DNA sequence: CTGTTTTAGTTTTTT
DNA sequence: ACTAAAACAG
């Protein structure tokens, strides 16, 4: 096989080129830089695989490389891969990263998406098998609750005793567990309205079917019904999906688990990636058990642990590992890193929530400036991670005052705002006259004189005649059942509706939206609205019109909105990130602040009350997630006093503070006891049992903060603490009696003032801020 | 039907 | 303490 008259220096013959390509495919460059475990996770393509990917171990890289690998080696074509995530963001990111590896071929990955979007696609194909049409609408939580409310009203269930929200929650729970009304365990029915749970659930499903609608839970549940009831359909999907991949497996609920098991049944080529230590969604149906029993469910499964952490320094990693070790139900991993050293986790106790925000803001300013041995940080490299959103306000207030730029991540989402949902209701009604829920929502928004009684009457007529509400309205308008004024209003509304529907086909949908908002009087009503939120709402609507341009047509737009309740944000400004621990999952920051580590706040009291030991373990995982977000520095803090729902409460440091290994922590407190007995940290936490401050914290390794204002060694409500700051507890009479009329005082919340009178344990104070006279039973600061 | 007063709820969040 | 929704009165 000698190539004819080919010179050694000439171009390689074609055969050689393809050989090279083959060699390249055998050891492709996308595998470069993977550690042995990661590589194993990528290359073990056949058979069940569970990848236990600890925090910061390169999970996403493994996931995307694995998919790219399957495609590059020709084991499957893009449309033969099923890859599911929980969020649109994760799906988007995965698609982008695969595209970066394998190029435009990634566009063929039509089964890469969230559980719900994939399930919705499948349901569109087989909708008739569960009594729906393929153009069914997907109701969000709000619609769902209103529908349930109607069912309860129709069934004369006392809404006071049995709130619709509760049934909505139960139904959601049932659907998460894969229970249709028929399969509902009898005991469950008892949780609502004297054993009527099941019947009401059934009625709700019936209403959904009539409306040709389903809720989010149904997407999965209907899939299950279809797969189990129609083996031929399931076999079809067995044929189609050669490889299955699941992200965040620890967050799957029972329905998702069953769905997956059905689809994986035949080929068993399923790869689940997750971390049992980061399971933080138990309260919405996630079953950690799914990941814990993977090996039992898929016999012969290969379990691969990714334990090398590329994110955090060793102190941070060790602190997090020490904390999570207190959890009993876990598979167990030992994370390690080559980034030895770094700063210890700093833990600090402060006087109150305000001191905490002052401390953190100071530190942010210092980090921003940089120092002798520290490089300046960008604002965006710092994050404050809180347990609950009410904790955010203190920081926002402080940041506004100091002009530190910040962004709050999460919060009420764009598409869930009332004005956006109103606008959508108009569109939905224009598109489909059968959409009763949309009709109810906007028939009197803006106010056009069609009140509750009229709407009820229309709905009654609709139910009687078995027609949609709009059709009922058309009938009623022709009669004299309504007052003249109401009739005219309704007639005008119907006339507008018809006109918009006629125009819908002729104009681009963003233009239609504008017209509807103007002509309905919606924007006018907002312009007249003097409340401070009205301006923002108008702007949201403008933004909405903008965003609509991204979809091809009205239909596509509404479809998109119902599944992707999320909008692409523009490039992030340089700002400190404030968010909940939940929304921080998957992110990382060089410097992380973890405020509010107090018993009852974090771990959340409610979580412990409702779910006991299980709840506590989930809280601990949340703490673990928090610490492992930090690359270089983590700062935990707790306050001795905190305002919760407007009330001042004494706080105890969180047990999680004690569970941090001493060797990796540097702790100090500005409050409370110092010099308690030795060994407290080693022998479990020592909570300050005294009914007084609760600010107390003591253990070896703790040092008194230099900036301390207090000299008294045992502060308590019974005594005045002498010190430069003169902080005084006045809940007890002896403390209040330390004051006399005319004393100058400072209160944490109300500011400066002077004492008007002392009576028992109460001080009456005239505050400088005009008109504020308050009776104080919490802490005030006496001015020297 | 609309404007005012009373009351309940207030962890975490996605689809 | 604050807010949003429900109940009530005009």
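The values are calculated or read from the model by the stated rules, or taken from the named source; none is laboratory data. These numbers were taken from a predicted model, which means no experiment stands behind them. Because the Cβ atoms are built from the backbone with ideal geometry, glycine has one as well, and the counts that use them run over all protein chains shown.
Here are the numbers for the structure shown:
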{"quantity": "Residues of the stretch A:184-203 satisfying the condition of being touching a helix residue (DSSP H, G or I) at 6+ places or on another chain (Cβ under 9 Å) and in a helix (DSSP H, G or I)", "calculated": "A:186, A:188, A:189, A:197, A:198, A:199, A:200, A:201, A:202, A:203"}
{"quantity": "Subset of the stretch A:551-573 that is modelled with pLDDT of 85 or more and assigned to a loop (DSSP other than H, G, I, E, B) - its residue that is nearest to DNA strand B (Cβ to nearest atom)", "calculated": "A:551"}
{"quantity": "Test: residue A:311 is in a strand (DSSP E or B) and buried (at least 18 other Cβ atoms within 10 Å of the Cβ)", "calculated": "no"}
{"quantity": "Top-ranked residue in the stretch A:380-391 [being within 14 Å of DNA strand B (Cβ to nearest atom) and at pLDDT 90 or above; ranked as surrounded by the most Cβ atoms within 10 Å (Cβ to Cβ)]", "calculated": "A:385"}
{"quantity": "Whichever residue in the stretch A:625-649 is within 16 Å of DNA strand C (Cβ to nearest atom) and surrounded by 19 or more Cβ atoms within 10 Å (Cβ to Cβ) and, among such residues, is farthest from the chain's Cα centre (by Cα)", "calculated": "A:641"}
{"quantity": "Set A:660, A:587: member being farther than 20 Å from residue A:357 by Cα and more than 24 Å from the chain's Cα centre (by Cα)", "calculated": "A:660"}
{"quantity": "Counted residues, the stretch A:256-294 - those being part of a helix (DSSP H, G or I), over 20 Å from the mean Cα position of the chain (by Cα) and more than 16 Å from residue A:53 (Cα to Cα)", "calculated": "9"}
{"quantity": "All positions within the stretch A:153-179 that are farther than 28 Å from residue A:282 by Cβ and in a helix (DSSP H, G or I)", "calculated": "A:153, A:154"}
{"quantity": "Where residue A:351 falls short, out of the listed (1) surrounded by fewer than 18 Cβ atoms within 10 Å (Cβ to Cβ); (2) assigned by the TED database to the domain that holds residue A:590; (3) more than 29 Å from the chain's Cα centre (by Cα)", "calculated": "(1)"}
{"quantity": "Hey, residue A:95 surrounded by fewer than 18 Cβ atoms within 10 Å (Cβ to Cβ), more than 11 Å from DNA strand B (Cβ to nearest atom), modelled with pLDDT of 90 or more and not assigned by the TED database to the domain that holds residue A:168 or not", "calculated": "no"}
{"quantity": "Residue in the stretch A:612-620 that is surrounded by fewer than 21 Cβ atoms within 10 Å (Cβ to Cβ) and either part of a strand (DSSP E or B) or within 16 Å of DNA strand C (Cβ to nearest atom) (or both) present", "calculated": "no"}
{"quantity": "Of all residues in the stretch A:575-604 being at positive phi and either near DNA strand B (Cβ under 9 Å from one of its atoms) or not in a strand (DSSP E or B) (or both), the one that is modelled with the highest pLDDT", "calculated": "A:596"}
{"quantity": "Criterion violated by residue A:368 - all others in (1) in a helix (DSSP H, G or I); (2) in contact with a strand residue (DSSP E or B) (Cβ under 9 Å, 6 or more places away or on another chain); (3) under 30 Å from residue A:288 (Cβ atoms); (4) more than 16 Å from DNA strand B (Cβ to nearest atom) satisfied", "calculated": "(3)"}
{"quantity": "Test: residue in the stretch A:468-485 that is assigned to a helix (DSSP H, G or I) and within 16 Å of DNA strand C (Cβ to nearest atom)", "calculated": "yes"}
{"quantity": "Index of the failed condition, residue A:166 passing every other in (1) touching a residue at least 24 places away in the same chain (Cβ under 8 Å); (2) away from DNA strand C (no atom under 16 Å from the Cβ)", "calculated": "(2)"}
{"quantity": "Residue among A:106, A:68, A:100 that alone is touching a strand residue (DSSP E or B) at 6+ places or on another chain (Cβ under 9 Å) and either part of a helix (DSSP H, G or I) or closer than 24 Å to residue A:586 by Cβ (or both)", "calculated": "A:106"}
{"quantity": "Subset tally (residues that are outside any loop (DSSP other than H, G, I, E, B) and over 31 Å from the mean Cα position of the chain (by Cα)) for the stretch A:524-540", "calculated": "4"}
{"quantity": "From the options A:62, A:118, residue that is within 27 Å of the chain's Cα centre (by Cα) and away from DNA strand B (no atom under 16 Å from the Cβ)", "calculated": "A:62"}
{"quantity": "Odd one out for residue A:436 among (1) surrounded by 15 or more Cβ atoms within 10 Å (Cβ to Cβ); (2) farther than 21 Å from residue A:558 by Cα; (3) more than 16 Å from DNA strand C (Cβ to nearest atom)", "calculated": "(2)"}
{"quantity": "Lone qualifier among A:139, A:147 - being more than 16 Å from DNA strand C (Cβ to nearest atom), under 30 Å from residue A:432 (Cα atoms) and crowded, with 17+ Cβ neighbours inside 10 Å", "calculated": "A:139"}
{"quantity": "Top-ranked residue in the stretch A:121-146 [being farther than 26 Å from residue A:420 by Cα and outside any helix (DSSP H, G or I); ranked as nearest to DNA strand B (Cβ to nearest atom)]", "calculated": "A:132"}
{"quantity": "Answer from A:484, A:502, A:489 - the residue that is out of contact with any helix residue (DSSP H, G or I) (no Cβ under 6 Å at 6 or more places or on another chain), under 18 Å from residue A:426 (Cβ atoms), loosely packed, with under 15 Cβ neighbours inside 10 Å and assigned by the TED database to the domain that holds residue A:423", "calculated": "A:502"}
{"quantity": "Qualifying residue in the stretch A:188-206 (condition: in contact (Cβ under 8 Å) with a residue 60 or more places away in the chain and within 21 Å of residue A:119 (Cα to Cα))", "calculated": "no"}
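Yes or no, residue by residue, for (1) buried (at least 23 other Cβ atoms within 10 Å of the Cβ); (2) in contact (Cβ under 8 Å) with a residue 60 or more places away in the chain; (3) away from DNA strand B (no atom under 16 Å from the Cβ):
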| site | (1), (2), (3) |
| --- | --- |
| A:285 | no, yes, no |
| A:300 | no, yes, yes |
| A:304 | no, yes, yes |
| A:323 | yes, yes, yes |
